[in-house]
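The values are calculated or read from the model by the stated rules, or taken from the named source; none is laboratory data. A quick note: this is a predicted structure, and the numbers were derived from the prediction, not measured. Backbone-built Cβ (ideal geometry, glycine too); neighbour counts: all protein chains shown. All accessible areas refer to the heavy atoms of the entire protein, side chains included, with ligands and DNA or RNA removed. Shrake-Rupley method; radii C 1.70, N 1.55, O 1.52, S 1.80 Å.
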Amino acid sequence: HLARMAGAAVDDEPFHVVLDRLRSRGGGSMGTVELGGDGAALRKLYRLQRDLKQRVIRAGFPAGELRTSFTPHMTLDYKHPRVLPQTLETPLAWPVTELCLVDSLYGQGRHEVLERWTLRQRQHVFSGWEPAASMDLNLA
């Protein structure tokens, strides 16, 4: 219930996520192979996560029960020999246009979308618009 309230209150605009780093995580010689990004490429995603966390806390969810770390990534393989970190020549990027509340069914390899909220553009983009010749645009 608290997560639904927090999600419904989100007023973010669509943005892009860019994953451009190949890396390994986990101990020993085997671990996961993942795509990740740096802070600049994920700034808006980090802000959305921080805002959602604050919303659920204000709604009454115990702060101590929330994760303290957030590492956006896409897992490519499990139990794989470690790879050296590298930057991809062609990053993986996609637009984030909605926020979803997902129930990850632990151990079942399934995820159920419980709720969706569309991220909406707050300002209209005028493509191909040019001011009329008679308009005085002297803004100095």
Quiz prompt | Complete set of residues in the range 27-51 that are at pLDDT 85 or above and of a type in the set (S, T, N, Q) | solution = Thr32, Gln49
Practice problem: Any residue in the range 17-35 that's within 8 Å of Arg82 (Cβ to Cβ): show its pairings with residues that are of a type in the set (A, V, I, L, M) and open to solvent by less than 30 Å² (accessible area, probe 1.4 Å) at Cβ separation under 9 Å, as long as the two are six or more apart or on different chains. | Solution: Ser24/Val33
